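Everything below concerns the one structure shown next.
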Amino acid sequence: RVAVVGARGAVGREILNLLEERAFPLSELRLYSSARSAGRRVSFRGEELVFEELPESGDLQADIVFSSAGGSISRKHAWDWANAGATVIDNTSAWRLDDRVPLVVPEVNADAAREHNGIIANPNCSTIIALMALAPLHRAFGLQRATVATYQAVSGAGAAGVTELEQQSRAVLAGEPAETSVFQHVIAFNLFSHDSEVGEDGYNEEERKLLLESRKILAAPELRISATCVRVPVFRAHSEAIHAEFAQEVTPEMAREVLGAAAGVKLVDDPASNSFPMPITASGQDDVLVGRIRQDSSRPGSIALFVAGDQVRKGAALNAVQIAELFS
Ligand code: NAP
């Protein structure tokens, strides 16, 4: 018995697609939304399912709950659902750094999921995409330090972010004013520092998540990561430029060999044809694309690379469904 909370959102809809595509074993599927969407219908495996308003009660009568309606809903309900017997796979940031809650990327630390206490957290999308490349390199060479610059798609801010880029682009091309609602600044034909709160240290929340979540997932509390997170006018798939230093000197050939054999990673790295990871080719794919693997010219023995991954899919919905598959 599976429940999806926030099933009409960007991530919720992708979870439904994946449950169907991957023939996830289930006997019952309940879809929860806000009151706004209750009563609407969606087709799943040839059947019509109806979105229901999320009940206040703490028992969804489900074995697996995908929680994908935002942090405040997860903070309010997730432990009640878990205490009623469900395994909650939480896509929000509510419990990621809580010591009781494993933070899991199945290709990296599946074992941590098996020791859960009712909730398993899905990491932040930029963290998952970075670690799909960095974790195999860490296992092989001992990651010590990474510098990350992100280029994040508007769908990372949900379905409404996609509508905003669409509407603003049409308005700008028609010579009309671009109206903002989801993002503080105009995103069409622009980019800006990630629209999350900036702390006293000058880092925004997205940048802090990349640091703290990577340390937890890799069980590397001393790991040094510095990030600059940027929202760009791309509909789907986040890209990241990463510079990484290891406990030993690493050549591009060594990195390429490790990444070429890594699960969930696809090498796209052909300088002759200028063929490298792009959000447009990463969209809709399960694999995270990795390329531009080269020596970091500022520090010989270190590696520079570029990744692109579908953040609605591997950065959220696919990662969550893969976690559920560990128990199916
Ligand atoms: P979204 O497109 O805005 O969808 C959120 C959904 O939550 C909406 O469909 C909404 O339902 C539902 N909802 C709102 N209030 C509710 C309530 N009181 N009860 C039940 N449902 C309610 O957002 P999203 O992008 O899917 O993100 C969902 C979560 O995943 C967020 O915590 C986000 O940070 C996280 N996440 C997102 C991404 C991404 O790439 N988008 C990646 C990683 C993690 P209605 O349709 O009825 O309004």
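The values are calculated or read from the model by the stated rules, or taken from the named source; none is laboratory data. Since the structure is predicted, the reported quantities are computational estimates derived from the model, not experimental observations. Please note: Cβ atoms are built from the backbone with ideal geometry, for glycine as well, and neighbour counts cover all protein chains shown. The accessibility values were calculated without ligands, DNA or RNA, using every heavy atom of the protein model including side chains. Shrake-Rupley method; radii C 1.70, N 1.55, O 1.52, S 1.80 Å.
A few remarks follow.
- When segment 1-47 is filtered for residues that are in contact (Cβ under 8 Å) with a residue 40 or more places away in the chain, part of a loop (DSSP other than H, G, I, E, B) and more than 19 Å from Leu326 (Cα to Cα), the ones remaining, listed by number, are Gly6, Ala7, Arg8, Gly9.
- Answer residue from segment 56-72, given it is within 11 Å of the ligand (Cβ to nearest atom) and open to solvent by less than 50 Å² (accessible area, probe 1.4 Å) and is nearest to Ser34 (Cα to Cα) among those: Ala69
- Candidates in segment 22-40 are the residues that are within 13 Å of the ligand (Cβ to nearest atom) and not aliphatic (A, V, I, L, M); of these, the one that is most open to solvent (accessible area, probe 1.4 Å) is Arg36.
- Top-ranked residue of segment 285-297 - restricted to ones that are in a strand (DSSP E or B) and more than 16 Å from the ligand (Cβ to nearest atom), ranked as farthest from Glu249 (Cα to Cα): Leu289
- Taking (1) under 17 Å from Asn124 (Cα atoms); (2) hydrophobic (A, V, I, L, M, F, W, C); (3) buried (at least 17 other Cβ atoms within 10 Å of the Cβ) in turn, Leu97 satisfies each apart from (3).
- Residue identified as surrounded by 17 or more Cβ atoms within 10 Å (Cβ to Cβ), farther than 25 Å from Pro102 by Cα, free of Cβ contacts under 8 Å to residues at least 12 places away in the same chain and of a type outside the set (Val, Ile, Thr) among Ala178, Ala188: Ala178
- Residue within segment 52-63 that is touching a helix residue (DSSP H, G or I) at 6+ places or on another chain (Cβ under 6 Å) and farther than 24 Å from Asp80 by Cα present: no
Per-residue answers, yes or no, for (1) open to solvent by less than 40 Å² (accessible area, probe 1.4 Å); (2) more than 12 Å from the ligand (Cβ to nearest atom); (3) within 15 Å of Gly70 (Cα to Cα); (4) of a type outside the set (A, V, I, L, M, F, W, C):
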site	(1), (2), (3), (4)
Gly9	yes, no, yes, yes
Arg13	no, no, yes, yes
Glu20	no, yes, no, yes
Phe44	yes, yes, no, no
Val50	no, yes, no, no
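- Within segment 298-322, considering residues that are of a type outside the set (D, E, K, R) and part of a loop (DSSP other than H, G, I, E, B), the one nearest to Pro277 (Cα to Cα): Gln311
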